[in-house]
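Only one structure is covered here, and it is reproduced in the block below.
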Amino acid sequence: MAITVRFFAGIRERLGRNQAQVDASAVASAADVWREVAGVPLPPNTLIAVNQEYAQPGQAVRDGDEVAFFPPVTGGAA
């Protein structure tokens, strides 16, 4: 029973890995997944996707889900 966790861009660099596995029985929400893998509360403005759809930190997660964390999107032409 596991949840696949993926990290992108600056989050991947800060954590030093691009993915992890979390025991599904240890978490109930996307924010719980972050705390389980990072050991700290979810930083503000972090983007989350559950099964490739944008989600809120309180989004419920379950066995077999994929949860991804992205830093805020910035940049672009003015």
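Once amide H atoms are built 1.01 Å from N in the peptide plane, which residues 5 or more positions from Val27, or in another chain, come under 5 Å H to H?
Sorted by chain and number, the residues that satisfy this come to none at all.
For each of Val5, Val50, count neighbouring Cβ atoms within 10 Å of the residue's Cβ, then give the residues from fewest to most. Show your work: numbers first, answer last.
Working: Val5 25, Val50 20.
The fewest-first ordering by Cβ neighbours comes to Val50, Val5.
Just checking my list [x] 1.06; [y] 0.96; [z] 1.31 against Cα Rg over 2.2 N^0.38 Å computed from this structure; which label fits?
[x]
Taking R0 as 22 Å, what FRET efficiency do you get between Glu13 and Ala60 from their Cβ-Cβ distance, rounded to the nearest 0.05? Intermediate results must be reported in sequence, preceding the final value.
Numbers: r = 29 Å, r/R0 = 1.30.
Computed FRET efficiency for Glu13 and Ala60 comes out at 0.15.
Which one, Val5, Asn18, Val50, is farthest towards the positive end of the dipole of segment 2-70 when Lys and Arg carry +1 and Asp and Glu -1 on their Cβ?
Selected residue: Asn18.
Please tell me the relative contact order of the chain in percent, rounded to the nearest whole number, where contacts are Cα pairs under 8 Å and at least six residues apart. Spell out each step's value before the answer.
Values: 141 pairs, mean separation 30.5, N = 78.
RCO, the chain: 39 percent.
Multiply the residue separation of Asn51 and Ser25 by 0.36 nm, subtract the distance between their alpha-carbon atoms, and state the gained length in nm to one decimal.
Details: separation 26, 0.36 × 26 = 9.36 nm, distance 1.78 nm.
Value of the extension gain: 7.6 nm.
Which of Ala31, Ala20, Ala68 moves most in a GNM of the chain, Cα contacts under 10 Å?
Residue with maximal mean-square fluctuation among Ala31, Ala20, Ala68: Ala20.
Considering only DSSP beta bridges whose two residues both sit in the chain, what percent are antiparallel, to the nearest 5?
Details: 13 of 17 bridges.
Looking only at bridges with both residues in the chain, the antiparallel portion is about 75 percent.
Nothing charged except the Cβ atoms of Lys and Arg (+1) and of Asp and Glu (-1): what's the magnitude of the dipole of the chain about its Cα centre? Round to the nearest 20 debye.
Details: 6 positive and 8 negative charges, 54 e Å.
It works out to roughly 260 debye.
Return the calculated 222 nm mean residue ellipticity for the chain, to the nearest 500 deg cm²/dmol, obtained by summing -39500 (n - 2.57) across DSSP H runs with n ≥ 4 and dividing by the residue count. Please list the in-between numbers first.
Details: 2 runs with 16 residues, N = 78.
Rounded to the nearest 500, it is -5500 deg cm²/dmol.
Readers should treat all values here as calculations from the given coordinates under stated rules, not as data from a laboratory. Please read all numbers here as calculations on a predicted model, not as lab measurements. Quick reminder, even Gly has a Cβ in these numbers, built from the backbone with ideal geometry, and neighbours come from all protein chains shown.
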